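Peer 1: Take a look at this one; I'll ask things after.
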Amino acid sequence: MKKSVFRNYIYNIIYQLLILIVPFLVMPHISRTLGADGIGMYGYSNSVTQYFILLGCAGLNLYGQRESAYCQDNIEKRSTVFFELFCIRIFCLMVSLLIFLFTVCNSTKYGTIFQIQTLEFFAAILDISWFFQGMEEFKKIVIRNSIVKVLGAVCIFIFVASPEDIWKYTLIYALSNFIGNISVWLYLPNYLIKVKFKDLKFKRHIRMILLLFVPQIATSIYNLLDKSMIGWLTKNDSEVAFYEQAQKIMKTALAIPTALGTVMMPKIASLYKKSEKNQIIEYLKKSFHIICIIAFPLCFGMIGISKTFIPWFLGNGYDKSVWNLIILSPIIVIVSFSNIVGVQFLLPVGRHKTYTISVVAGTIVNFLLNLILIPVFFSIGAAIASVCAEILVAVFQLWSIRNDFTIQGKLKKYYQYIFASIIMYFAIFFVDFIFKKPSATAVFLKVVGGGIVYFSVLFMMKDKFLLNGLRKVTEQLFQKKLR
């Protein structure tokens, strides 16, 4: 891939991991101070708040990113598009906020938490990451947000010290999002020019926003549905916490392969505008290659370290999160594939109907399976339902592009990554016989040892991708020595 794509991929990995890594790093501290009930309370209330924010954002994030990509080279057009979409965003989110204030904010149990989370609506209004993603300027998003997120983590360690500090925990996260989003605005004047309000045409965007509204809402509801339904059906905040903690760990790993989709969407959209279909297919082939290298070892590795990592990282009382994580781990591979097809191909080339059907079908299946499985298996049931729904989405999307691109031949070509991942899993499993109790040393050996085994197997199988990478690194080091 072009250097700019690789660079943006690295920046987006940093950005996506940043969103997840701060909750991940503070997880041990929060698990011990707030407890399962406190985490469950925050997880449930935040999922409800996010429903309303997503309702206000409609399909603006995906649409805004794509439209910004379409007019990358025209400052007049992109300025007009930005201000039109930003005004629509303000209106939609303010309406959603009003509904939120007059409904769920009156809750007696979560009232204070919901009131603090109203700040999340203003953070969402100021979120213009969609514009910089469309412009393929990922570095701008990462730098300032990194500073704010780190400061937020420090504040959590300082100010959150007991279960009664749940409101402080909520406030710190809301402020971090708000300050992080507003800080990116300092870059904006370099990319836009002034546009008269009378020249803005809002109606031309409504149809496409509504078309993307359904899959965007369905995807978001799908991601939040499990926690909400566990809370509704079990009335047990601890069960929400068991699922949420496992999901956070899985999503931290998932952010690495799926970060490629956010980078590739504006690239594919730009190529589609230029009718360069062959180049689009070449990018998809390379995307599948990269995803196979990354996703399979992450999936098997996550399963392998779960029984050691969770007790050491979260502390006592989270045994059920181990099985949640084991069940959820295949989602890393499944979603990585559907991300390539849906985000990198279907949306940029305008196949919204196919994408919408797949996502809505997945959401419905997830909801129905949750109704059946959660009352019986609690959080474990939600994990099973999520995996089944993700399989449906991925299979449908892959089937829909069978005339454009077939994955069967590609998976046969990349079988060595599955084989190396399985060997890596058994190597990780062997560590449990040496260390009977979870510890930092055991986790370190599993992660580092597993990585060494995985790449060693690929090296012995003479994987071209790995050998070419080693050759390029060796050449660069040799050239530096000659200088």
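Peer 1: Within straight cross-link reach of Lys285, meaning Cα distance under 18 Å, which aspartates and glutamates are found once same-chain residues fewer than 8 apart are removed?
Peer 2: Hits, sequence-local ones excluded: Glu276, Asp404, Asp463.
Peer 1: Once the dipole of the chain is set up with Lys and Arg at +1 and Asp and Glu at -1 on Cβ about the Cα centre, which of Phe419, Leu271, Trp232 lies farthest towards its positive end?
Peer 2: Farthest towards the positive pole: Leu271.
Peer 1: Another question, then. With label points built 7 Å along Cα→Cβ from the Cα atoms of Phe102 and Phe430, find their separation and express it in nm.
Peer 2: Modelled inter-label distance: 6.6 nm.
Peer 1: Can you flag which of Lys201/Lys248; Lys227/Lys286; Lys274/Lys353 are past 32 Å Cα-Cα?
Peer 2: Values: Lys201/Lys248 40 Å; Lys227/Lys286 35 Å; Lys274/Lys353 22 Å.
Check vs 32 Å cut-off fails for Lys201/Lys248; Lys227/Lys286.
Peer 1: With the other protein chains left in place, how much accessible area per residue, in square angstrom, belongs to the stretch 248-371 at a 1.4 angstrom probe? Please report the intermediate quantities before stating the final value.
Peer 2: On the way: 4080 Å² over 124 residues.
Heavy-atom accessible area per residue stands at 33 Å².
Peer 1: Could you give the nm distance between label points at Asp199 and Arg7, where each point is 7 Å from its Cα heading toward the beta carbon?
Peer 2: Each label point lies 7 Å from its Cα, and together they span 3.1 nm.
Peer 1: Still on this model: Solvent-accessible area per residue for the stretch 47-113 at a 1.4 Å probe radius, Å²?
Peer 2: Working: 2720 Å² over 67 residues.
Counting only protein heavy atoms, the per-residue value for the stretch 47-113 is 41 Å².
Peer 1: Computed from the mean reciprocal separation of all distinct C-alpha pairs, what Kirkwood hydrodynamic radius does the stretch 196-247 have, in Å? Write down the numbers at each step before the final one.
Peer 2: Working: mean 1/r = 0.0724 Å⁻¹.
When all Cα pairs of the stretch 196-247 are included, the Kirkwood radius is 13.8 Å.
Peer 1: Separate question: Throw me the Rg/Rh for the stretch 311-415, computed over C-alpha atoms with Kirkwood Rh, two decimals.
Peer 2: Rg/Rh for the stretch 311-415 comes to 1.07.
Peer 1: If I histogram all Cα-Cα distances within the stretch 275-324 using bins 5 Å wide from 0, what percent of pairs lands in each bin?
Peer 2: 4, 18, 17, 12, 11, 9, 9, 8, 6, 5, 2, 0
Peer 1: Using unit Cβ charges (K, R positive; D, E negative) and no other charged atoms, how large, in debye to the nearest 20, is the dipole of the chain about its Cα centre? Please report the intermediate quantities before stating the final value.
Peer 2: Values: 49 positive and 24 negative charges, 378 e Å.
With only Lys, Arg, Asp and Glu charged at Cβ, the dipole is about 1820 debye.
Peer 1: Also, quick follow-up: Using a 10 Å cut-off on Cβ atoms, rank the peptides 236-242, 133-139, 375-381 from the highest mean neighbour count down.
Peer 2: Details: 236-242: 24.0, 133-139: 21.4, 375-381: 18.3.
Going by the mean number of other Cβ atoms within 10 Å, highest first, we get 236-242, 133-139, 375-381.
Peer 1: Give, in nm to one decimal, the length gained when the segment between Lys277 and Leu25 is fully stretched (0.36 nm per residue of separation minus the Cα-Cα distance). Don't jump to the answer; show the numbers that get you there.
Peer 2: Numbers: separation 252, 0.36 × 252 = 90.72 nm, distance 4.23 nm.
Extra length available between Lys277 and Leu25 comes to 86.5 nm.
Peer 1: Given (i) 22.6, 72; (ii) 23.6, 71; (iii) 22.3, 65, which label gives Rg and Dmax of the Cα atoms in Å as computed from the coordinates?
Peer 2: Calculated Rg and Dmax of the Cα atoms in Å: the matching label is (i).
Peer 1: If you don't mind, another one. Distance check, please: which entries in Lys77/Lys194; Lys77/Lys149; Lys198/Lys273; Lys320/Lys437 exceed 21 angstrom between their Cα atoms?
Peer 2: Working: Lys77/Lys194 11 Å; Lys77/Lys149 33 Å; Lys198/Lys273 28 Å; Lys320/Lys437 17 Å.
Long pairs (Cα-Cα over 21 Å): Lys77/Lys149; Lys198/Lys273.
Peer 1: Now a separate question. Counting pairs of alpha carbon atoms under 8 Å apart in space and at least six apart in sequence, what relative contact order in percent does the chain give?
Peer 2: Values: 637 pairs, mean separation 93.9, N = 483.
Relative contact order for the chain comes out at 19 percent.
Peer 1: Which Cα, out of Cys87, Ile281, Ser47, lies furthest along the positive dipole direction of the chain (beta carbon charges, K/R +1, D/E -1)?
Peer 2: Of the options given, the answer is Ile281.
Peer 1: Given a 1.4 angstrom probe, I'd like the percentage of the accessible area of the stretch 31-182 that is carbon and sulfur, rounded to a whole number.
Peer 2: Working: 4000 of 5920 Å².
Result for the stretch 31-182: 68 percent of the exposed heavy-atom area is carbon or sulfur.
Peer 1: Per-residue counts of other Cβ atoms within 10 Å, averaged by peptide: what ranking do you get for 270-283, 334-347, highest first? Intermediate results must be reported in sequence, preceding the final value.
Peer 2: Values: 270-283: 14.9, 334-347: 24.9.
In descending order of packing, they fall as 334-347, 270-283.
Peer 1: For the pair Val376 and Val447, what calculated FRET efficiency results from E = 1/(1 + (r/R0)^6), where r is the Cβ-Cβ distance and R0 = 30 Å, to the nearest 0.05?
Peer 2: Values: r = 34 Å, r/R0 = 1.14.
That pair, Val447 with Val376, gives E of 0.30.
Peer 1: Also, I was wondering about something else. Across 10 Å bins from the origin, how do the percents of Cα pairs in the stretch 65-213 run, short distances first?
Peer 2: Over the stretch 65-213, the share of Cα pairs per 10 Å bin runs 10, 32, 32, 19, 7, 0 percent.
Peer 1: Using a Förster distance of 45 angstrom, determine the FRET efficiency expected from the C-beta separation of Lys353 and Val154, and round it to 0.05. Don't skip to the end; give the middle numbers.
Peer 2: Values: r = 46 Å, r/R0 = 1.03.
For Lys353 and Val154, the calculated efficiency is 0.45.
Peer 1: Taking only the C-alpha atoms, wrap a convex hull around the stretch 208-365 and report its volume per residue in Å³ as a whole number. Please report the intermediate quantities before stating the final value.
Peer 2: On the way: hull volume 17.0 nm³, N = 158.
It comes to 107 Å³ per residue, whole-number rounded.
The values are calculated or read from the model by the stated rules, or taken from the named source; none is laboratory data. Keep in mind it's a predicted model, so treat the numbers as computed, not measured. FYI the Cβ positions are ideal-geometry reconstructions off the backbone, even for glycines, and counts take in every protein chain you see. The protein model used for the area step is the full one, side chains on, heavy atoms only, and it has no ligands, DNA or RNA in it. Shrake-Rupley method; radii C 1.70, N 1.55, O 1.52, S 1.80 Å.
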